[in-house]
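Heads up, the thing below is written out as structure tokens.
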Amino acid sequence: MFHGSIPAPLRSIIYEHAGAWPEGDIYVGCSGNFTIERVLHARFGNSRPVHGNDIQAYSCALGWFLAGDPLPYVLRPEYEDELGWLQPYTEDRADLMATLMLGTRFLQWVGKDGAYFQRMMQATQDQWPRMHDKTATKLRGLETRLGSFFAGDVRDYLDQVPPDDPVVMFPPFYAKDYQSQFASIGAAFDWPEPSFDELTEDGKERIIEQVQDRPNWVLGLHIERPDLRHRLAGVVQTANRGLPIYVYAASGPRRIVRPRQPVEPIRMPKIGQDEALGDRMSLHVLTGGQFAAVRSQFMSKSIKPGSPLIACGVAVDGKLIGAFAYLPPKFDPNTAYLMSDFPVSWTKYRRLAKLIVMAASTKEAQLLVQRSLSKRITGWATTAFTDRPNSAKYGRGIPGVKLQKRTEASAKDPGDGIHRYQLQYGGPLGAYTLAEALDLWKRKHGSDMKKEDER
Amino acid sequence: MTDTTPHARPIRPRLVRRDPRLLTPLPMNARYMRKEEWDRLVANVKADGCLTSVPLIYGAGEYEEGRELILSGNHRTGAAVEAGLDEIDCMLIDDKQQKDELIARQLSHNSIAGQDDAATLKQLYDQIEDVDWRAYSGLDDETLNLLAEVSPEGLSEANLDFATVSLIFLPPELEAAREAFEQARIGQNASWLAARADYEQTLDTLASTHAAHKVGNVATALHAILTIVENHLEDLQAGYTSPDGEPLHRGRVGLETVFGDRTLPAPAAVTINKAIAAAVGRSEIEQGEGWRLLDRLCGEYLSGPNYTATPTDDQP
């Protein structure tokens, strides 16, 4: 499984730019999963030779395979006991390539203790003939070909690329992640690993210089480069929490793609400005679009939206009073992460936010979270960013809630970059019902009203 | 009636400068902005150093000067605060307004917004060459379908085949249970129904198994639970045997609950098969009812030759 593929809008940008380049060979650096090569093939077929380059075990195998070169990958003797059953699937080029591709999924489990890993290994071995046949058949039918493949440092490669030929490259943003992705292939198979220098900041600078020095090029970078401002051909960011990719090019069209959350309305009425809370509290599972809409309306705009495991609207007597959303456990496997919780902002109640936290802590909420994960969840945890040492919302008056950790923003850990404190709160899940929560909240917090000028 | 315009007096708004931090936002506002739209607005205001369209505010003695109510432009005013502007231009209505008028004006600014001709919008947008000015427009190439359509060859390996099993816990509503069974039969994947009362116990059992095997995966934990059951098949006798050794029902049960194993040695199986075939041949039992021979032999072993065959549901 290849991580870090090039998102669809970037593929479109490359496709469009390549259409304007003069006839001849095209050179791709840091090929990865050969997405750029496949995009170029979609545009030109095999009429224009495309050359690739990489250093990783998986990418080199695929590069050599697509270029028609030998695949010198041999199972290491120390893996013979555990992986000897792969031998019949390493004789033919397509068979071996399929085995290496499937290896990106299962080799990571080899030698690991534990029921899960053993089970997955057993299932892989049981289903191997089907999976292998399907993958090898796909590889045999692949039409994309490479003019050549260079296994080695991209800087050496760029030195060899003819100066007038176009170059396209999206260098790895996180070199270490990229290298560790295919470590398991390198561990299990002996192969002629190319030598390369670590990709330092200076190394990246060198690559940028080498690419620019030609009439046609496209370069995707994770960082904005003010010195290349006049070459900025596009900015692609597909999610609010995703990082933008800056596309620089010698010339050609300019394109941008910005995140856009899909939103859907919640048909239920919201509690009015002067309305008193009724007596029956209920939870309503929201779609992703409904949650995005209600969050956009009532949550601080300083918080970047993420994707919840489960989101619920909280209603009293059929009127929406707020919403909350959970993520799966992060550290403690029995503690779900309360990703967001917020009330309808215009009510007369000053402490309505506490009622939403309480609704999110009830037995009914627990049932929904447990149903989503099919496992026992007994607590919740959350992080509050604030300029005060305690949170007004979580701080007091909610049964069982405790401040677990207080971190003051520093240069090393800036928190959200806006507030002074990062506060970790947590509490039990399922200690009371919705009815009990509403009753308790009314007794402890329900009479605290906003003043006219607060509303 | 042909003219639906309210019979209100004309208003005489005027431009004023205000500190955006002091103005009063609408307490209830149906209009909201997605995070990405808000960020764009703030960035645009920052870039401009001012608002390029003016909020509509209302005073008329009901709101103190400088703290007037923002009828329209709440997000723009907020963005001005976020962008650090000390002053913005506003259009002030100082004529006394009825509640209906205020709400109508508030809503009209958002609802009377016109439509874009998609083709012309694309043409105009596509004339913007600079990436930052494209972003400023609040539109993008993907939304306007201006990106090239590309379908590269797929390159992915096959994945493990798996089936989904849903455990559905129901209160004892018969109709719902029947429907769920029907759905389970139609669907490719399985749904297992269980009593709702068992839900908590299931989660606790799963939790114990997760902890014991140090495994987070639910399917693996369930697999471990099934293995334990497989190793204790004889315990299932409690489902059809009373504490004093009488049968609790006359339905059929699995042989593995008798023997504690799903298998038996092949020579023993051959002997049993021969004996059953002989008993069928002598018309002592019916074809396909081999269990009757075992029942008779075991009954005679316990009670002697006068043992009476066990009645079943099919043989009262």
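Dividing the convex hull volume of the alpha carbon atoms of chain B by its residue count gives 395 Å³ per residue. Of the trypsin sites (Lys or Arg not before Pro) in region A:227-278, the ones in a loop by DSSP (not H, G, I, E or B) with at most 15 other beta carbons within 10 Å are A:Arg241, A:Arg260, A:Arg267. Surface calculation, 1.4 Å probe, protein heavy atoms: B:Ser283 sits at approximately 100 Å² accessible.
Under the definition of Cα pairs under 8 Å and six or more residues apart, what whole-number percent is the relative contact order of region B:51-91? It comes to 51 percent, rounded to a whole number. For A:Lys348, the accessible surface of its heavy atoms amounts to roughly 40 Å² (probe 1.4 Å, protein chains only, rounded to the nearest 10). The convex hull defined by the C-alpha atoms of region A:382-424 has an orientation-averaged projected area of 2.9 nm². If the chain linking A:His419 and A:Asp317 were pulled fully straight, counting 0.36 nm for each residue of separation and taking away their Cα-Cα distance, it would gain 33.1 nm. Checking the Cα-Cα distances for A:Lys270/A:Lys444; A:Lys393/A:Lys444; A:Lys450/B:Lys35 against a 19 Å cut-off, the pairs over it are A:Lys270/A:Lys444; A:Lys450/B:Lys35. Looking at chain B, the DSSP beta bridges with both ends there are about 50 percent antiparallel. Seen against the Cα atoms of chain A and their longest principal axis, helix A:93-106 is set at about 20 degrees.
The packing ranking, built from the mean of other Cβ atoms within 10 Å per residue, places the peptides B:243-251, B:196-204 in the order B:196-204, B:243-251, highest first.
Can you tell me, using C-alpha contacts under 8 Å and at least 6 residues apart, the relative contact order of region A:126-264 as a whole percent? Rounded, it is 21 percent for region A:126-264. Remark: relative contact order (chain B) = 11 percent; criterion is Cα-Cα distance under 8 angstrom and separation of 6 or more residues. Put simply, the Cα atoms of the protein assembly as shown extend 114, 77, 60 Å along their principal axes, the longest span coming first. Only bridges whose two residues both fall in region B:1-135 count here: according to DSSP, what percent of them are antiparallel, nearest 5? Among the beta bridges of region B:1-135, antiparallel pairing accounts for roughly 65 percent. In plain terms, the chain from B:Leu167 to B:Asp100 could stretch by 18.7 nm, reckoned as 0.36 nm per residue minus the Cα-Cα distance. Projecting label points 7 angstrom from Cα along Cα→Cβ for B:Ser242 and A:Phe44 puts them 8.7 nm apart.
Can you tell me what percent of all Cα-Cα pairs in chain A are more than 27 Å apart? The answer is 65 percent, as a whole percent. Only Cα sites of region B:1-135 enter the Debye sum here, all with the same form factor; the resulting log10 I(q)/I(0) across q = 0.18, 0.19 1/Å is -1.08, -1.16, listed in q order. Where both partners of a DSSP beta bridge lie in chain A, what percent of those bridges are antiparallel, to the nearest 5? Rounded to the nearest five, the antiparallel share is 70 percent.
The label point for B:Thr308 and the one for A:Glu91, both projected 7 Å from the Cα toward the Cβ, are 7.0 nm apart.
The values are calculated or read from the model by the stated rules, or taken from the named source; none is laboratory data. As the structure is a computational prediction, the values presented were derived from the model and not from experiment. Cβ coordinates were reconstructed from backbone atoms using ideal geometry, including for glycine residues, and neighbour counts include every protein chain displayed. Ligands, DNA and RNA are stripped out before the accessible areas are found, and what is left, the full protein with its side chains, is counted by its heavy atoms. Shrake-Rupley method; radii C 1.70, N 1.55, O 1.52, S 1.80 Å.
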